[in-house]
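Have a look at the structure below before the remarks.
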Amino acid sequence: MHRCVSKALALTALVASAGFSLSLSFSAQAQTHRQFPPQALRGDLMVTQAPDINLNGQAARLSPGSRIRDANNLLLLSASLSGQKNTVHFTVDEAGLVKDVWLLNAAELANKTWPRTRQEAAAWAFEPANQTWTRR
């Protein structure tokens, strides 16, 4: 019986230390700038009642295969964001539905110059290597 308890304690300590190191790697990852596609736009997103959303003050809808990623790049369910306003990067599919959404971390939010409309994106130049936009 004593061996079982000591093994359980050792396993608990191992899991706790692994969980601690995982949380450190997630927080370190949150400070890096992810690679976004050039068609990604910046906006303010609020999920009203999934799949219905409010994007930049306008009613919009998530596509059936949409993916929402948090600041650590982990997938989220849209319902978990109900009522919260988040600054995001997003892409839109051919039907005009929001397809991919990334909640921005601090490093990405610091990159202030990012197009909010397709017209801005068409008029600006994108540098994929360093993920920056410049106005022409």
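Annotations for the structure displayed:
- Within region 94-111, if we keep just the residues that are in a strand (DSSP E or B) and not β-branched (Val, Ile, Thr), the residue that is farthest from Pro38 (Cα to Cα) turns out to be Leu103.
- Thr91 in contact with a Gly (Cβ under 8 Å, 6 or more places away or on another chain) and of a type in the set (Val, Ile, Thr): no
- Number of residues in region 54-71 that are out of contact with any Phe, Trp or Tyr (no Cβ under 6 Å at 6 or more places or on another chain) and either within 22 Å of Gln35 (Cα to Cα) or outside any strand (DSSP E or B) (or both): the value is 11.
- Taken over region 112-131, residues that are surrounded by 13 or more Cβ atoms within 10 Å (Cβ to Cβ) and not in a loop (DSSP other than H, G, I, E, B) amount to 4.
- Residue pairs whose Cβ atoms lie under 7 Å apart, sitting 6 or more positions apart in sequence or on different chains, and linking a residue in region 23-46 that is at positive phi to a partner that is modelled with pLDDT of 95 or more, do not occur here.
- Some residue of region 72-93 being without any contact (Cβ under 8 Å) to a residue 40 or more places away in the chain, in a strand (DSSP E or B) and among the charged types (D, E, K, R): no
- Here the condition is being crowded, with 16+ Cβ neighbours inside 10 Å, at pLDDT 95 or above and either of a type outside the set (A, V, I, L, M, F, W, C) or touching a Phe, Trp or Tyr at 6+ places or on another chain (Cβ under 6 Å) (or both); of Pro51, Pro37, it holds for Pro51 alone.
The values are calculated or read from the model by the stated rules, or taken from the named source; none is laboratory data. Here the structure is a predicted model, which is why all the values come from computation and not from measurement. Counting neighbours? That spans all protein chains shown, and the Cβs are built from the backbone with ideal geometry, glycine included.
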